[in-house]
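Peer 1: I'd like to ask you about the structure that follows.
The values are calculated or read from the model by the stated rules, or taken from the named source; none is laboratory data. All of these numbers come straight from a predicted model, not from anything done at the bench. Here the Cβ positions follow ideal geometry from the backbone for every residue, glycine too, while neighbour counts run over all protein chains shown.
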Amino acid sequence: MLWREKRYLLHKTTLLQGRVIKLFARSLSDDDIVSANIYPHIKEGLLKPCEMSATKVIDFVESLSVLESPEGRRKV
């Protein structure tokens, strides 16, 4: 994944039959992380960032790019 010209390794875990989504991404070039818990079934979706601003998490999710491998397959 690419965000702000840096590569990130993204982990997404879905729990409780989709009622909780855990998002964790770590930069491959420095110590930056993005982490949040998302509760899509509460109200219109509840975002709980982990020790960072909601703005950072939202910006990460909205502007994230998937890298392509040389063979044209997506690297995830």
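Peer 1: Please go through the stretch 1-28 and pick out each residue that is farther than 13 Å from residue 39 by Cβ and of a type in the set (S, T, N, Q).
Peer 2: 13, 27
Peer 1: On to the next question. What residue, among those in the stretch 16-29 that are in contact (Cβ under 8 Å) with a residue 12 or more places away in the chain and loosely packed, with under 13 Cβ neighbours inside 10 Å, is farthest from residue 1 (Cα to Cα)?
Peer 2: Among them, the one singled out is 19.
Peer 1: In the stretch 30-48, which residue that is surrounded by 10 or more Cβ atoms within 10 Å (Cβ to Cβ) and either in contact with a Lys or Arg (Cβ under 7 Å, 6 or more places away or on another chain) or in contact (Cβ under 8 Å) with a residue 24 or more places away in the chain (or both) is farthest from residue 11 (Cα to Cα)?
Peer 2: 41
Peer 1: Within the group 53, 63, which residue is at pLDDT below 95, among the polar types (S, T, N, Q) and loosely packed, with under 15 Cβ neighbours inside 10 Å?
Peer 2: Step by step, each of 53, 63 is checked, and only 63 is at pLDDT below 95, among the polar types (S, T, N, Q) and loosely packed, with under 15 Cβ neighbours inside 10 Å.
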